[in-house]
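Worksheet: the structure to be examined is printed underneath.
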Amino acid sequence: MTTLLQTHALQAFYGDAQALFGIDFSLSSGELVAIIGANGAGKSTFLKSLTGLVRAPREAIRFKGEPIGGLPPGDIVRRGLAMVPEGRRLFPSLSVEENLRMGATAQRKGPWNLQRLYALFPILAEKRHQPATSLSGGQQQMVALGRALMSNPEVLLCDELSLGLAPIVIREIYAAMPTITGEGMTVVIVEQDVTMARQVSQRIYCLQEGRVSLEGRSADLTREQISQAYFGMGTGIAPQEHAHA
């Protein structure tokens, strides 16, 4: 499989505070990779670095072999990376359909359009003229996911898809993933629900305090290995060592 996206020794800062310490990550075409970790582990910062929302050294992030670290977010979307942000970030003054159309401003060609999205999430077709923020939390998440798909990305980055949603709604949203990946989409999900992350992904990265504490095939990692990497308990698995000032 072709390596589509990779980071090498990626560091990230908020002012003087360092949030990521030398993250090495790779994503192959067609994969679904999950990133897990406790609150504050650096998961969202990692996705924001990939999408240009947090500055990164140019060479630390490569997409299709090209360095993209620190490029403006709009450039990164046009190249083929799109994010479903934590908290959805819908435009409150716009309708469901108008929010979805905002994703198409990248003008990338691909399979996703309003018709396909309404087939995937029929409730959005019913409510397409309503203000997006008048919908339930789960329906708003569908809008946020749909808006990202409308940019027809090669890589879809999903930050905390299930946060604050009822289990039945989470299942409904994740039930759409095989359709999305069936189009050849490569997906990264940040997920606090470890069971869900293992079910839907081929590989898992666990972050702890801004470092990769575990990486492996989802089917091969034991519950004990994951909990040790997640909570940082004494473990036989050595977290990656990274020197930092």
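The values are calculated or read from the model by the stated rules, or taken from the named source; none is laboratory data. Remember, predicted model here, so these are calculated numbers, not experimental data. FYI the Cβ positions are ideal-geometry reconstructions off the backbone, even for glycines, and counts take in every protein chain you see. Calculation scope for accessible area: heavy atoms of the full protein, side chains included, ligands and nucleic acids excluded. Shrake-Rupley method; radii C 1.70, N 1.55, O 1.52, S 1.80 Å.
Summary table below
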quantity: Candidate set from the stretch 164-199 (those that are of a type in the set (A, V, I, L, M, F, W, C) and without any contact (Cβ under 8 Å) to a residue 24 or more places away in the chain); member that is surrounded by the most Cβ atoms within 10 Å (Cβ to Cβ); calculated: A175
quantity: Those residues of the stretch 200-225 which are open to solvent by 60 Å² or more (accessible area, probe 1.4 Å) and charged (D, E, K, R), in sequence order; calculated: E209, E215, R217, D220, R223, E224
quantity: Residue selected from the stretch 207-231 under the condition under 21 Å from F46 (Cα atoms) and of a type in the set (S, T, Y), by the criterion farthest from the chain's Cα centre (by Cα); calculated: S227
quantity: Residue in the stretch 111-124 that is assigned to a loop (DSSP other than H, G, I, E, B) and either touching a strand residue (DSSP E or B) at 6+ places or on another chain (Cβ under 8 Å) or under 30 Å from N39 (Cβ atoms) (or both) present; calculated: yes
quantity: Tally, over the stretch 64-85, of residues that are open to solvent by 30 Å² or more (accessible area, probe 1.4 Å) and among the aliphatic types (A, V, I, L, M); calculated: 2
quantity: Only one of Q140, Q107 that is open to solvent by 70 Å² or more (accessible area, probe 1.4 Å) and polar (S, T, N, Q); calculated: Q107
quantity: Count of the stretch 151-163 residues which are surrounded by fewer than 24 Cβ atoms within 10 Å (Cβ to Cβ) and more than 25 Å from A38 (Cβ to Cβ); calculated: 3
quantity: So E97, is it surrounded by 18 or more Cβ atoms within 10 Å (Cβ to Cβ) and either in contact with an Asp or Glu (Cβ under 8 Å, 6 or more places away or on another chain) or farther than 21 Å from E183 by Cα (or both); calculated: yes
quantity: Breaking point among (1) touching a helix residue (DSSP H, G or I) at 6+ places or on another chain (Cβ under 8 Å); (2) modelled with pLDDT of 95 or more; (3) open to solvent by 10 Å² or more (accessible area, probe 1.4 Å), for I61; calculated: (3)
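Residue by residue, here is whether (1) among the basic types (K, R); (2) touching a residue at least 24 places away in the same chain (Cβ under 8 Å); (3) touching a Ser or Thr at 6+ places or on another chain (Cβ under 6 Å) holds:
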residue: L5; (1), (2), (3): no, yes, no
residue: A12; (1), (2), (3): no, yes, yes
residue: I23; (1), (2), (3): no, yes, yes
residue: R55; (1), (2), (3): yes, yes, no
residue: R58; (1), (2), (3): yes, no, no
residue: E66; (1), (2), (3): no, no, no
residue: R78; (1), (2), (3): yes, yes, no
